[in-house]
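Shown next, in structure tokens, is the structure this report addresses.
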């Protein structure tokens with residue numbers, strides 16, 4: 001009997017999967033919401049646009065730039081320190097056995113540089129010069145005019161552009177032949193670069209041909225050495241470079257009427273944003289929604305700042321995609337040092353914009369979505385109840401990322417930024 | 001034997017409890033839930049279902065809020081619990097068809113002798129309101145057409161909590177009074193999503209929702225008389241308005257709905273050795289509810305039921321009375337201005353699990369119904385099972 005009762009209940013239990021019935025027609029739906037796109041001009045949602053520069057250092061990129069009168073203006077040179085030479089190598093001795101040898105005689109070498117063939121502008125061979133720096137310089141703060149530019153220590157180069165250098169070698173780089181260029185080093189120069197404690201020791205690479213801008217990915221020193229355990233053998237060792245930076249001139253001035261993002265050191269553009277609480281006077285909107293309409297956060301289905309690209313100064317035009325980010329500024333009064341909030345863009349890679357938008361095809365509209373921020377801004381607080389910052393910063397996802405930067409039209413121009421809102425507005429759900 | 005029976009009772013009670021706990025959400029059992037205030041769910045046990053009853057006038061022991069007078073006949077402390085899964089096939093004229101299933105717990109109650117009578121607490125279902133519907137559309141957000149999907153989900157029910165007292169008036173008569181409190185909630189949520197599954201647009205989902213709490217009162221008075229070979233019972237349920245109170249976050253408004261006075265009458269007669277014949281009817285005019293409805297039509301919830309019980313049947317050495325019935329009851333809410341009825345043929349049996357000195361301490365009642373609900377455009381054929389456990393003497 002007990003088994004029978006349990007079996008009966010089990011049958012009931014097996015048949016108890018819950019399935020909500022799906023009504024057959026739209027009559028069972030409450031009123032349909034309306035979806036409408038609203039474009040809000042700059043003057044009605046934003047103000048106080050300001051451009052700040054100086055974020056990060058060219059050293060942070062870890063790559064170099066070479067230019068000589070590029071676009072009629074830009075000169076750029078790359079400075080780098082030479083790392084410690086290897087002191088021990090495993091070599092075969094005269095008996096053929098492999099063993100460590102710490103008594104190496106370095107008698108020559110080569111300086112090998114690797115270029116980015118895509119980002120570099122030249123298609124033809126260019127002549128490069130390698131020199132040895134002769135003045136103390138600081139890789140983090142060095143600029144075209146200053147060898148050291150830290151607090152309480154500002155030392156200009158005796159010659160702007162990296163000071164006088166001791167010429168080491170010249171070489172020709174033909175991008176059609178590969179991405180590598182090799183400078184021959186004599187034993188004296190190899191010995192001179194072995195001192196890693198002297199702050200004046202370093203290498204400088206210049207481009208001698210005009211009108212091109214080269215992107216240097218990395219460089220190293222190949223050393224020719226003779227081991228004591230097998231003097232008849234020549235081995236090759238590598239010393240990496242460290243502290244690579246680039247200096248350039250002229251340094252761009254902040255745009256008086258536009259938006260700038262990127263560069264090295266990086267530029268940021270900040271602006272105050274307010275989401276209009278009442279929508280009125282927009283014919284397309286008022287044709288479908290009773291105006292004036294008081295906007296609620298839940299009605300914002302999509303919000304984006306729309307920027308119109310414009311041509312960047314030729315010397316700093318991007319040759320690769322720029323990745324844009326937008327973050328709330330937590331304390332505008334503390335700018336340019338205000339901390340920023342987390343990114344408002346879902347993708348960790350930011351909003352990618354092709355280089356043509358800032359060169360050959362300006363006028364391209366780019367949407368930078370910030371729907372969640374717009375809702376919080378309208379509500380006045382975020383999900384945690386904290387006040388929502390009213391200032392946004394437009395910046396590069398990685399700072400700095402390149403000497404190039406993105407430029408956009410500013411307020412009061414034909415392509416001024418505007419706010420794009422997709423609103424979904426529906427009647428309240430009522431009882432049947 | 002007594003030990004075996006006691007064990008059986010405990011096992012059955014535990015199993016029924018497990019069943020209840022395992023499927024607690026009481027979901028929908030009809031597409032007509034989308035009409036008006038939903039579909040009535042009567043608080044009936046397995047015996048009443050099997051005999052086609054509307055919940056009144058059954059001979060023997062019963063504990064249903066629709067028959068307050070019968071409580072006085074229980075005599076000893078009694079508890080009841082019922083589970084009722086159903087399997088529904090539907091078809092729409094010239095359109096789609098399909099099936100769904102669900103479970104509900106229409107009745108739980110306990111009665112205890114006090115002050116020379118029987119006091120009771122019962123929780124019963126009243127209106128089933130859950131359903132969902134999706135509408136696919138298209139809108140232009142400025143960059144060309146974008147697919148929209150409006151998904152609406154209504155989840156909720158109205159139930160009632162009843163406190164009752166009944167007392168025997170002499171050998172033949174009894175009377176009872178039950179005060180009921182309507183409770184439950186209704187959650188209605190509309191979500192609009194943009195783009196299709198493969199191209200989820202970066203436009204966020206729009207959500208508009210509301211939650212209402214149901215409140216209201218009812219008073220049910222009834223009496224029964226045990227005449228020679230016949231038990232007759234009648235009751236009247238007088239409700240206040242059913243009020244839906246919106247939560248603080250709900251933009252929608254509060255609303256109140258008129259509920260009908262419901263009259264019930266039923267009788268069971270012994271027409272031969274171990275043969276009982278039962279008939280019952282309910283009169284409920286829901287048309288006054290129409291005025292407060294935004295959608296749907298309100299009509300009659302009246303109906304009747306007929307049944308027979310053959311009490312000499314046995315199963316596994318136990319008394320297992322066989323029951324058969326027919327029922328025809330109107331559904332109060334419809335999509336169109338038309339009358340919709342639910343018709344069922346039913347069968348079932350009872351099983352005495354434990355009996356001492358002629359008092360059934362534990363018993364199961366099972367019914368299986370085959371039914372039909374139909375309107376001009378929609379037909380539902382369904383199987384519904386009801387299993388109830390009645391225990392006494394705890």
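The values are calculated or read from the model by the stated rules, or taken from the named source; none is laboratory data. All figures in this text were calculated on a predicted structure; none of them were measured in a lab. A quick note on method: Cβ atoms are made from the backbone with ideal geometry, for glycine too, and the neighbour counts reach across all protein chains shown.
Which one of A:167, A:160 is loosely packed, with under 13 Cβ neighbours inside 10 Å and either closer than 19 Å to residue A:133 by Cβ or free of Cβ contacts under 8 Å to residues at least 12 places away in the same chain (or both)? Let's see the steps before the verdict.
Working: A:160 fails: loosely packed, with under 13 Cβ neighbours inside 10 Å.
So the residue among A:167, A:160 that is loosely packed, with under 13 Cβ neighbours inside 10 Å and either closer than 19 Å to residue A:133 by Cβ or free of Cβ contacts under 8 Å to residues at least 12 places away in the same chain (or both) is A:167.
For region B:166-200, which positions are more than 8 Å from chain A (Cβ to nearest Cβ) and closer than 28 Å to residue B:135 by Cα?
First, the residues of region B:166-200 that are more than 8 Å from chain A (Cβ to nearest Cβ): B:166-185, B:187, B:191, B:193, B:195-200.
Within region B:166-200, B:184, B:185, B:187, B:191, B:193, B:195, B:196, B:197, B:198, B:199, B:200 meet the criteria.
Suppose the filter is surrounded by 15 or more Cβ atoms within 10 Å (Cβ to Cβ), more than 10 Å from every other protein chain (Cβ to nearest Cβ) and either in contact (Cβ under 8 Å) with a residue 40 or more places away in the chain or not in a strand (DSSP E or B) (or both); does residue B:234 pass it? Quick ask: steps written out before the conclusion?
Values: surrounded by 15 or more Cβ atoms within 10 Å (Cβ to Cβ): yes; more than 10 Å from every other protein chain (Cβ to nearest Cβ): yes; either in contact (Cβ under 8 Å) with a residue 40 or more places away in the chain or not in a strand (DSSP E or B) (or both): yes.
When the stated conditions are applied, residue B:234 passes them.
So, in region B:237-254, of the ones that are outside any strand (DSSP E or B) and within 8 Å of another protein chain (Cβ to nearest Cβ), which residue ends up farthest from residue B:54 (Cα to Cα)?
Within region B:237-254, the subset outside any strand (DSSP E or B) is B:240-241, B:247-254.
In the following step, the residues that additionally are within 8 Å of another protein chain (Cβ to nearest Cβ) were identified as B:250-253.
Working: B:250: 37, B:251: 39, B:252: 36, B:253: 35 Å.
The residue in question is B:251.
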*Taking residue A:196 and the conditions (1) over 28 Å from the mean Cα position of the chain (by Cα); (2) within 30 Å of residue A:55 (Cα to Cα); (3) in a strand (DSSP E or B), which numbered condition does it fall short on, given that it satisfies the others?*
(3)
*Considering each residue of region B:131-165, count those that are touching a helix residue (DSSP H, G or I) at 6+ places or on another chain (Cβ under 6 Å) and within 14 Å of chain A (Cβ to nearest Cβ), and give that number.*
3
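Within region B:201-229, take every residue that is within 14 Å of another protein chain (Cβ to nearest Cβ) and without any contact (Cβ under 8 Å) to a residue 24 or more places away in the chain and give me the one that is surrounded by the fewest Cβ atoms within 10 Å (Cβ to Cβ).
Per the criteria, the residue is B:205.
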*Boolean, residue A:371 is over 30 Å from residue B:131 (Cα atoms), more than 21 Å from the chain's Cα centre (by Cα) and surrounded by 14 or more Cβ atoms within 10 Å (Cβ to Cβ)*: yes
*Can you name every residue in region A:274-312 that is surrounded by 18 or more Cβ atoms within 10 Å (Cβ to Cβ), more than 14 Å from every other protein chain (Cβ to nearest Cβ) and assigned to a loop (DSSP other than H, G, I, E, B)?*
A:275, A:310, A:312
*If we keep just the residues of region B:373-391 that are assigned to a strand (DSSP E or B), surrounded by fewer than 21 Cβ atoms within 10 Å (Cβ to Cβ) and over 16 Å from the mean Cα position of the chain (by Cα), which is modelled with the highest pLDDT?*
B:381
*What are the residues in region B:255-275 that are assigned to a loop (DSSP other than H, G, I, E, B) and more than 14 Å from chain A (Cβ to nearest Cβ), if any?*
B:259, B:260, B:261, B:273, B:274
*Qualifying residue in region A:376-399 (condition: in contact with a strand residue (DSSP E or B) (Cβ under 6 Å, 6 or more places away or on another chain), within 14 Å of chain B (Cβ to nearest Cβ) and either within 30 Å of residue B:153 (Cβ to Cβ) or in contact (Cβ under 8 Å) with a residue 60 or more places away in the chain (or both))*: no
*Would you kindly identify the strands (runs of 3 or more DSSP E) lying entirely within region A:63-175 that contain at least 3 residues that are within 29 Å of residue A:223 (Cβ to Cβ)?*
A:64-70, A:74-82, A:89-92, A:98-101, A:104-115, A:126-133, A:165-173
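If a residue counts only when it is over 21 Å from residue B:320 (Cβ atoms) and within 14 Å of another protein chain (Cβ to nearest Cβ), which strands (runs of 3 or more DSSP E) contained entirely in region B:46-118 have at least 1 such residues? Spell out the reasoning first.
Numbers: elements: B:78-83, B:86-92, B:97-102, B:107-114.
The strands (runs of 3 or more DSSP E) meeting that bar are B:86-92, B:97-102.
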*Does region B:187-204 contain at least one residue that is at positive phi and in contact with a strand residue (DSSP E or B) (Cβ under 7 Å, 6 or more places away or on another chain)?*
yes
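Out of the residues in region A:37-61 that are part of a loop (DSSP other than H, G, I, E, B) and touching a strand residue (DSSP E or B) at 6+ places or on another chain (Cβ under 6 Å), which is farthest from residue A:112 (Cα to Cα)? Outline the logic, then answer.
The initial filter retains those residues of region A:37-61 that are part of a loop (DSSP other than H, G, I, E, B), namely A:45, A:56-57.
Within this subset, residues satisfying the condition of being touching a strand residue (DSSP E or B) at 6+ places or on another chain (Cβ under 6 Å) are A:45, A:56.
Values: A:45: 53, A:56: 27 Å.
Among residues in region A:37-61 that are part of a loop (DSSP other than H, G, I, E, B) and touching a strand residue (DSSP E or B) at 6+ places or on another chain (Cβ under 6 Å), the one farthest from residue A:112 (Cα to Cα) is A:45.
Considering each residue of region B:116-135, count those that are touching a residue at least 24 places away in the same chain (Cβ under 8 Å), more than 25 Å from residue B:362 (Cβ to Cβ) and over 19 Å from the mean Cα position of the chain (by Cα), and give that number. Don't jump to the end; show me each part of the working.
So the first thing to find is which residues in region B:116-135 are touching a residue at least 24 places away in the same chain (Cβ under 8 Å), and the list is B:116-131, B:133.
This time we only want the ones that are more than 25 Å from residue B:362 (Cβ to Cβ), so: B:116, B:126-131, B:133.
With the extra rule that they be over 19 Å from the mean Cα position of the chain (by Cα), the set shrinks to B:116, B:133.
Selection size over region B:116-135: 2.
Return the residues of region B:282-308 that are in a strand (DSSP E or B) and either within 30 Å of residue B:268 (Cα to Cα) or without any contact (Cβ under 8 Å) to a residue 12 or more places away in the chain (or both); say none if nothing qualifies.
Taking region B:282-308 first, the residues in a strand (DSSP E or B) are B:282-285, B:297-298, B:300, B:303-308.
Residues satisfying the conditions are B:282, B:283, B:284, B:285, B:300, B:303, B:304, B:305, B:306, B:307, B:308.
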*State whether one or more residues within region B:330-338 are farther than 22 Å from residue B:85 by Cβ, surrounded by fewer than 21 Cβ atoms within 10 Å (Cβ to Cβ), more than 14 Å from every other protein chain (Cβ to nearest Cβ) and modelled with pLDDT of 90 or more.*
yes
